[in-house]
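Undergrad: The structure follows.
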Amino acid sequence: MGAGSEDVKRVKMAVVLKQKRELDLMRQANRIVGVVWEAMADAVAPGVTTAALDEIAERIIRQHGAIPSFKGYPHRGRNDFPASICASLNQEIVHGIPSVHRVLQEGDIISIDVGTIYKGYQGDGAITLPVGRVSEEARRLIEVTKAALDIGIAQARVGKRTGDISQAIEKYVRSHGFEVVREYTGHGIGRSMHEDPQVLNYYNPEIRDYALKPGMTLALEPMVNVGSWKTRLLSDGWTVETADGTLSAHFEHTIAITDGEPEIMTRLD
Ligand code: MG
């Protein structure tokens with residue numbers, strides 16, 4: 001789940017460097033996210049509702065002894081988030097609410113964001129999937145967003161700063177003619193879903209950037225729009241979509257900074 005700028009301002013937590021035991025628990029929490037992704041990739045098809053996907057995801061999370069972290073997540077005095085995944089279709093960017101009335105259609109793209117808590121530690125990750133055959137534009141958007149995340153992760157090493165991740169993602173996305181969302185960002189993660197540091201997907205000298213250190217755990221999550229970066233919030237209080245109605249994609253991994261290569265925690269193996 002992406003951090004809104006207000007969330008990060010409100011939380012004001014220090015950066016927490018994790019010890020080995022904590023990293024082990026985060027690995028397990030994030031592995032469950034990977035298992036859910038696999039089930040989502042199998043289940044997504046024309047005719048399936050986003051509520052059905054949510055049900056599958058919640059069952060898997062609980063079967064693994066974890067709790068869906070999004071369910072009941074509070075937000076700016078509005079209604080708590082009612083589901084275990086965020087399911088955001090087409091022009092929706094993030095935080096879409098699963099519904100029995102949202103039926104996937106051939107040609108849609110769907111971003112599925114999954115959050116888990118395992119023994120007190122958080123997992124958070126998102127993928128965007130095509131529903132059946134999709135347009136060339138949609139296919140390219142998904143590819144560029146996924147690659148932008150990999151390029152950001154490649155910067156996540158000791159000697160670099162969070163701002164290096166932000167700049168690398170922005171540069172790559174813009175070189176493909178797309179724009180990165182600004183109001184929602186990556187974030188530190190651990191016992192809380194949203195910890196410091198905030199990790200933007202674009203360069204902004206007004207936001208503090210942090211030196212990367214071993215034991216930092218970050219949820220990196222570029223959200224990429226075909227058109228403008230501007231967003232609007234729907235009246236349900238949660239769903240964020242592109243202001244201009246163009247398509248949007250979203251990928252997110254939780255990673256750990258190490259002495260060498262960054263460790264990607266949201267994965268299956
Ligand atoms: Mg997140």
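The values are calculated or read from the model by the stated rules, or taken from the named source; none is laboratory data. This structure is a prediction, so every number in the text was calculated from the model and none was measured. Positions of Cβ are generated from backbone atoms using ideal geometry, with glycine treated the same way; all protein chains shown enter the neighbour counts.
Undergrad: Identify, from the list 132, 120, the residue that is more than 17 Å from the chain's Cα centre (by Cα), more than 16 Å from the ligand (Cβ to nearest atom) and closer than 21 Å to residue 90 by Cα.
TA: Being more than 17 Å from the chain's Cα centre (by Cα), more than 16 Å from the ligand (Cβ to nearest atom) and closer than 21 Å to residue 90 by Cα holds for just one of 132, 120, which is 132.
Undergrad: Please specify each residue of segment 244-253 satisfying the condition of being assigned to a loop (DSSP other than H, G, I, E, B) and either surrounded by fewer than 22 Cβ atoms within 10 Å (Cβ to Cβ) or within 16 Å of the ligand (Cβ to nearest atom) (or both). It would help to see each step written out before you state the result.
TA: Residues of segment 244-253 assigned to a loop (DSSP other than H, G, I, E, B): 244-247, 251.
Of everything in segment 244-253, those that are assigned to a loop (DSSP other than H, G, I, E, B) and either surrounded by fewer than 22 Cβ atoms within 10 Å (Cβ to Cβ) or within 16 Å of the ligand (Cβ to nearest atom) (or both) turn out to be 244, 245, 246, 251.
Undergrad: Can you pull out the residues in segment 78-117 that are surrounded by fewer than 24 Cβ atoms within 10 Å (Cβ to Cβ) and on the phi > 0 side of the Ramachandran plot?
TA: 90, 107 - these are the residues of segment 78-117 that are surrounded by fewer than 24 Cβ atoms within 10 Å (Cβ to Cβ) and on the phi > 0 side of the Ramachandran plot.
Undergrad: If residue 37 satisfies every condition in (1) modelled with pLDDT of 95 or more; (2) within 16 Å of the ligand (Cβ to nearest atom); (3) under 29 Å from residue 178 (Cα atoms); (4) not in a helix (DSSP H, G or I) but one, which is the exception?
TA: In the conditions (1) modelled with pLDDT of 95 or more; (2) within 16 Å of the ligand (Cβ to nearest atom); (3) under 29 Å from residue 178 (Cα atoms); (4) not in a helix (DSSP H, G or I), residue 37 misses (4) alone.
Undergrad: Do any residues in segment 153-176 that are touching a residue at least 60 places away in the same chain (Cβ under 8 Å) have Cβ atoms under 9 Å from those of residues that are of a type in the set (Lys, Arg), where the two are at least six apart or on different chains, and which pairs are they?
TA: 158/213
Undergrad: Inspect segment 183-200 for any residue being surrounded by fewer than 24 Cβ atoms within 10 Å (Cβ to Cβ), without any contact (Cβ under 8 Å) to a residue 24 or more places away in the chain and either over 20 Å from residue 95 (Cα atoms) or away from the ligand (no atom under 12 Å from the Cβ) (or both) and give the result as yes or no.
TA: no
Undergrad: Oh, and also: Assess whether residue 72 counts as being among the small types (Gly, Ala, Ser), more than 16 Å from the ligand (Cβ to nearest atom), surrounded by fewer than 16 Cβ atoms within 10 Å (Cβ to Cβ) and at pLDDT 95 or above.
TA: No; evaluated as a whole, the condition is false for this residue.
Undergrad: Yes or no: residue 122 over 17 Å from residue 45 (Cβ atoms), in a strand (DSSP E or B) and not basic (Lys, Arg)?
TA: Details: over 17 Å from residue 45 (Cβ atoms): yes; in a strand (DSSP E or B): yes; not basic (Lys, Arg): yes.
It is true that residue 122 is over 17 Å from residue 45 (Cβ atoms), in a strand (DSSP E or B) and not basic (Lys, Arg).
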